[in-house]
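K.L.:
My questions all concern the structure below.
The values are calculated or read from the model by the stated rules, or taken from the named source; none is laboratory data. Keep in mind that this is a model prediction, so the values were computed, not measured. Note that we place each Cβ from the backbone using ideal geometry, even for glycine, and neighbour counts take in every protein chain shown. Areas reflect the complete protein model, heavy atoms only, side chains present, ligands, DNA and RNA absent. Shrake-Rupley method; radii C 1.70, N 1.55, O 1.52, S 1.80 Å.
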Amino acid sequence: MGTKGILLEKKNNPKRIFHIFDSEIDSVSLQEEIDAKIAKRKIPKAEINKITGLNFQLSKAADSEKFDPSHTAYQFEKAIHLPKFTNPRYWFIRGPIKWVLIKFVSVYATVERKLSENRIKAFYSLIRELTQMKLRHQKLEYELELLKKDYNELKVSLQGGYRFEEEEEWQNRAHAFLDRGDKRILEHIEVTDQVLVLLPEWSNLLNHLSNKKIRFHSIVENKRQFEYLNKFHKETLQYIDSLVDYESYSSFDKIVLGCNASMLPPWFIEKILLKAFHNMASGAKFFLRFYNGTVSQYTPFQPVLSTRIDLHTITTYLKEVGFVNPLIHKSEPGEYDLVTFYKP
């Protein structure tokens, strides 16, 4: 797309889905034309199901508030707008003088663009290097947080405790590290949603839900984990002996299985999904995440996971249960796989 970047607008403006950084393209009229054509089409259900099965991710408005290489390059290379001298202050610029000035600015802009070719090339090289440095920094930051996570899990397991964070200062600061899997889930949750978090592994997801003023309720089965999380989420936390006995799903818009589902027994996962399906409200969305690979990157001694979840057949299984629009989200290497689906 060159220097023409596309930025997705915020969700609270549904009529303005995208904006194109090009003065020659009217993105508003383009969106209106697309809406008009979609309204005239009769889309069959089979085509809708095919589209929902596609595996792709769109940029989010929150990301666009940060450094955008495409927009930055466009602003740098953007040509000078020809003046029209319509301001009343320039009332004396008219006739041949106005034509001469406009021509002069046009010629100057062309010459300036030609003389600046080397500068523009150098700027693009700088943009490319900054983008690569940003990606390397994000990768190092993520690996550092994984190392912290593995260290604390190992420390707790050696003490005979449960697999959750015990260093309160790091875990509960306002802008604690947000796992990419948690971030992906938060992108699909609105402030107005009622969220149910089942078996959260970490309090990070709960912390960020609290910071975003999102109403949530969390269910835990482990006594020690409940005692720990209860210090910070007392009003939104509930302890139960077994999740398979839980039935109060109907009042929630989004339901998140917070732990790695691969660590749960197969029968346990099936019972949760069946229980959720029969008790969820119509239109509610379920988030199922799992990771079949190595749990820790820093030790050769890996635990045997209880369940291996097959990405190729899980959507078929969910449809057989009765769920609709199952979608396998794109995930990065080492990240949890995420599957979302709805109750019709």
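K.L.:
Condition first: among the acidic types (Asp, Glu) and under 18 Å from residue 256 (Cα atoms). Now tell me which residues in region 213-230 satisfy that.
P.N.:
If the condition is that a residue be among the acidic types (Asp, Glu) and under 18 Å from residue 256 (Cα atoms), then 221 is the only one that fits.
K.L.:
Among (1) at pLDDT 90 or above; (2) surrounded by 19 or more Cβ atoms within 10 Å (Cβ to Cβ), there is one condition residue 202 misses while meeting the rest; what is its number?
P.N.:
(1)
K.L.:
Can you name the condition, by its number, that residue 283 falls short on among (1) in a loop (DSSP other than H, G, I, E, B); (2) surrounded by 12 or more Cβ atoms within 10 Å (Cβ to Cβ)?
P.N.:
The number of the failed condition is (2).
K.L.:
I'm trying to understand the selection: among the residues of region 122-145, which are at pLDDT below 75 and not acidic (Asp, Glu)?
P.N.:
Within region 122-145, 142 is the sole residue that qualifies.
K.L.:
Moving on to the next point. Using the structure shown, decide if residue 188 is open to solvent by 20 Å² or more (accessible area, probe 1.4 Å), within 19 Å of the chain's Cα centre (by Cα), at pLDDT 75 or above and under 30 Å from residue 251 (Cβ atoms).
P.N.:
In short, yes.
K.L.:
Cβ contacts < 8 Å: first residue within 19 Å of residue 71 (Cβ to Cβ) and open to solvent by less than 60 Å² (accessible area, probe 1.4 Å), restricted to region 112-138; second residue of a type in the set (A, V, I, L, M) and assigned to a helix (DSSP H, G or I), any location; separation 6+ or different chain. Result?
P.N.:
If the second residue must be of a type in the set (A, V, I, L, M) and assigned to a helix (DSSP H, G or I), the pairs left are 123/73; 127/73.
K.L.:
Write out, first by first residue and then by second, each pair whose Cβ atoms fall under 8 Å of each other, whose residues are 6+ apart or on separate chains, and whose first residue, in region 311-332, is part of a helix (DSSP H, G or I) while the second is open to solvent by 20 Å² or more (accessible area, probe 1.4 Å).
P.N.:
Filtered contacts from region 311-332: 311/328; 311/337; 314/328; 315/53; 315/328; 321/274; 321/277.
K.L.:
Hey, residue 225 hits all of (1) touching a residue at least 24 places away in the same chain (Cβ under 8 Å); (2) in contact with a Phe, Trp or Tyr (Cβ under 7 Å, 6 or more places away or on another chain); (3) open to solvent by 10 Å² or more (accessible area, probe 1.4 Å); (4) over 20 Å from residue 343 (Cβ atoms) but one; which does it fall short on?
P.N.:
Against the list (1) touching a residue at least 24 places away in the same chain (Cβ under 8 Å); (2) in contact with a Phe, Trp or Tyr (Cβ under 7 Å, 6 or more places away or on another chain); (3) open to solvent by 10 Å² or more (accessible area, probe 1.4 Å); (4) over 20 Å from residue 343 (Cβ atoms), residue 225 comes up short only on (3).
K.L.:
Taking the condition of being touching a strand residue (DSSP E or B) at 6+ places or on another chain (Cβ under 7 Å) and open to solvent by 60 Å² or more (accessible area, probe 1.4 Å), how many residues in region 239-261 meet it? Step through it out loud before you land on a result.
P.N.:
Of region 239-261, the ones touching a strand residue (DSSP E or B) at 6+ places or on another chain (Cβ under 7 Å) are 239-240, 243, 246, 249, 251-258, 260-261.
Right, trim to open to solvent by 60 Å² or more (accessible area, probe 1.4 Å) and you get 239, 251, 253.
Total meeting the criteria: 3.
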